[in-house]
1. Whose amide H sits under 5 Å from the amide H of Ala249, counting only residues 5 or more places off or on another chain, with H placed in the peptide plane?
2. Ranked by accessible surface with a 1.4 Å probe, highest first, in what order do Arg127, Arg40 come?
3. Rolling a 1.4 angstrom probe over the protein chains, ignoring ligands and nucleic acids, what is the accessible area of Met174 in square angstrom, nearest 10?
4. Can you sort Ile128, Ile220 by solvent-accessible area, 1.4 Å probe, largest first?
5. Scan around Leu166 for amide H atoms under 5 Å from its own, H built in the peptide plane at 1.01 Å from N, and keep only partners 5 or more places away or cross-chain.
6. What is the chain's relative contact order, in percent, from Cα pairs under 8 angstrom and six or more apart in sequence?
7. For the stretch 120-252, report the accessible area per residue in Å² (1.4 Å probe, heavy atoms, rounded to an integer).
8. Around Val155, under 11 Å between beta carbons, what's the net of Lys plus Arg minus Asp minus Glu among the other residues?
Amino acid sequence: MNSTPWRAPLLWRGAQTLARAAVGLVGRLEVTGDVPDALRRGPLVLAANHISPFDPVVLAAACRVRRVAPRIMATGGLFRAPVIGSLMRRAGHIRVDRGTAAVHRSLEAAAEAVAGGSVVVVYPEGRIGLDPGMWPERGKTGAARLAFASGAAVVPVAQWGSHEVLPYQAPKGMLGAVARAVARRPAIRVHFGAPVPLDDLRSGSPGAARQATDRIIDAITDNLVLLRPDEPDRPRHVDPGRPVDDSRAHRRRTG
């Protein structure tokens, strides 16, 4: 383990403060649960559900409330943007070039970051979920493999309400959606759950990554139940531009 753990630069801490303010303009942020003190500065993997393009802003704000400064695994498109890309690199975030031969390098970079003492945010679904009920989809194994490679704990993070701020097709329809959110101020909820038990699984053993992934998605789902008790099946707010795909539906465990 690196003896000098990574610390968030002032630029990123300031951006988290701005994110907190931005979320406050368009909704009412409610943060529940917590990150154990021993894990707050890392090494740690935060595994979150993905329901809107606004999720990274919400999660940055929620982490600011809980005094956590995570590094985010973000799509390569952000890093290629003229201004945002430079800011993302300077803030220490990790580029993910999905659908390319270089995608494995992002996992290696994330494992090095976590092993060096960072908190890293991962979206195990690998995309904004398209489940008809907006429940977490069957996850990809990257988050589990990251946990195995680094030996870090995994804390599930459930979020709900960001889909009422930015539509799936943003920036298309963004201005109208934001204006409606400012007027309605929807509740935007984030819950940090208990670490997912993975100690009984051995890296490299057959099916271990899949088992760990299913446990992580189960934990996110169980925590999401707490945030949408009055929307148990389908969301009240329906984004007409969001496609529906149940081919990756996750079968939740019972009991």
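The values are calculated or read from the model by the stated rules, or taken from the named source; none is laboratory data. Predicted model only: the values in this text are computed from it and were never measured. Every residue, glycine as well, gets a Cβ built from its backbone with ideal geometry; the counts of neighbours run over all protein chains shown. To get the accessible areas, we keep the full protein, side chains included, count just its heavy atoms, and leave off ligands, DNA and RNA. Shrake-Rupley method; radii C 1.70, N 1.55, O 1.52, S 1.80 Å.
1. When sequence neighbours closer than 5 places are left aside, the close amide H contacts are Arg138.
2. Order by accessible area, largest first: Arg127, Arg40.
3. Here the accessible area works out near 70 Å².
4. Ile128, Ile220
5. Answer set, sorted by chain and number: Phe54.
6. It comes to 28 percent, rounded to a whole number.
7. Spelled out: the 1.4 Å probe surface of the stretch 120-252, per residue, equals 47 Å².
8. So the environment of Val155 carries a net charge of +1.
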